[in-house]
Structure formats: structure tokens, C-alpha cells
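Laboratory data are not the source of any read-out in this text; all were calculated from the coordinates shown. None of the values given here were measured: they were computed from a predicted structure. FYI the Cβ positions are ideal-geometry reconstructions off the backbone, even for glycines, and counts take in every protein chain you see.
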Amino acid sequence: MLTNQLATASDYQLILNIWEQSVLATHDFLKPDDLNFYKEQIPQFFNQTTLRIWSLDHQPIGFTGTNGPELEMFFLDPHYIGGGHGHQILTWLINHQQITKIDVNEQNQHAKTFYLNHGFTVASRSERDGFGKPYPILHLEK
């Protein structure tokens, strides 16, 4: 059964490990130097979101970070991508956290399609990400 719990600081290394595995599997457009840059930056955002660890039969499979109506982070262990767990998690977040906004890398075709299939639409586009790097961001809304 899929469950979630609020993350604490003691979970941050687990979260960072899931993030790295997921990014390596889904963000093949990133340059290696940029991957290392983001890996150093991501922990500073953990305290700025409501972090949840998602587990399947007590095995952590991913995490989400929300801030009000915005889904700021959503990463799954790559072994669980495509198994319907992302759908269950996003549906829960929409229904229980009233998520209506998501930013997604334009080059991450799988994630973009996933969100569009869940009723989100492109509201706007930024040519560069929040760090000024040349990875276009789609701002999605429901």
C-alpha cells in the first residue's frame, strides 16, 4: 500500500539519494557540471517546502515538496516510474493539498506529458530555470 509521511531533517540524505537517482534516469539533458551544481543546491530548499516521503509497503519510493498550491519537487526512484505510483501521488496531492501549479523542465518530455495528461496546461514558459541556466521551464496550472 502506498503511504506518505512528513519528512524530517534525518530524512534529507534519503531524499537527496532519491533525487539523484531520479534525475540521472530522467534528466539526460543536464550537463554533468550542472547536475553537480543542482545536487549542491537542492538541500537548501528542503526547509522551504512541505516534504513528504512516499513509501510502498514501508519501502521509500519517492518524495514530494509542496508550497501552498505549488508542487515544487516530485521525484520517484526510477525503479517505480511507470507503475502508476506517480498518478496515485499526484492525485493525492491535488485532492488533499489542493495542488494547482507545477513547474517542469521543458526537456523532460516524460514529466511534461505526465502532468498534461493529469489536466494541467501550460500557463507560461521561461527560457531559463530559476538559477539562470539554459533549461527552459514550463509553468503549468490546473
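Determine which residues of segment 39-78 fall in the zone a paramagnetic label at Phe131 would reach in this model, i.e. backbone nitrogen under 14 Å from the point 7 Å along Cα→Cβ. Residues 39-46 qualify, since their backbone N sits under 14 Å from the label point. Per residue, the average separation of C-alpha pairs within less than 8 Å and at least 6 apart gives segment 2-100 a relative contact order of 30 percent.
Placing unit charges on C-beta atoms (Lys and Arg positive, Asp and Glu negative, everything else neutral), compute the dipole magnitude of segment 6-142 about its Cα centre in debye, rounded to 20.
Details: 9 positive and 15 negative charges, 56 e Å.
With Lys and Arg at +1 and Asp and Glu at -1, about 260 debye.
Relative to the 2.2 N^0.38 Å rule of thumb, segment 2-100 has a C-alpha radius of gyration ratio of 1.03. Of the residues Ser22, Asn105, Pro69, the one whose Cα sits farthest towards the positive end of the charge dipole of the chain is Pro69 (charges of +1 on Lys and Arg Cβ, -1 on Asp and Glu Cβ, taken about the Cα centre). Distance between the pseudo-spin-label points of Lys39 and Asn67 (7 Å out from Cα toward the beta carbon): 2.4 nm. Averaging Cα coordinates gives a centre for segment 64-142 and one for segment 12-35; these two points are 16 Å apart.
Taking 0.36 nm per residue of sequence separation and removing the Cα-Cα distance, the Leu116/Gln48 pair yields an extension gain of 21.9 nm. Peptides 62-73, 47-58, 4-15, ordered by how many other C-beta atoms sit within 10 Å of their residues on average, highest first, read 62-73, 47-58, 4-15.
Taking 23 Å as the straight-line reach from the Cα of Lys101, the lysines in range (excluding those fewer than 8 positions away in the same chain) are Lys112, Lys133, Lys142. Rg and Dmax of segment 61-116, both derived from C-alpha coordinates alone, stand at 10.8, 29 Å.
If the segment from Thr100 to Gln59 were pulled out straight at 0.36 nm per residue, it would be longer than the present Cα-Cα gap by 12.0 nm.
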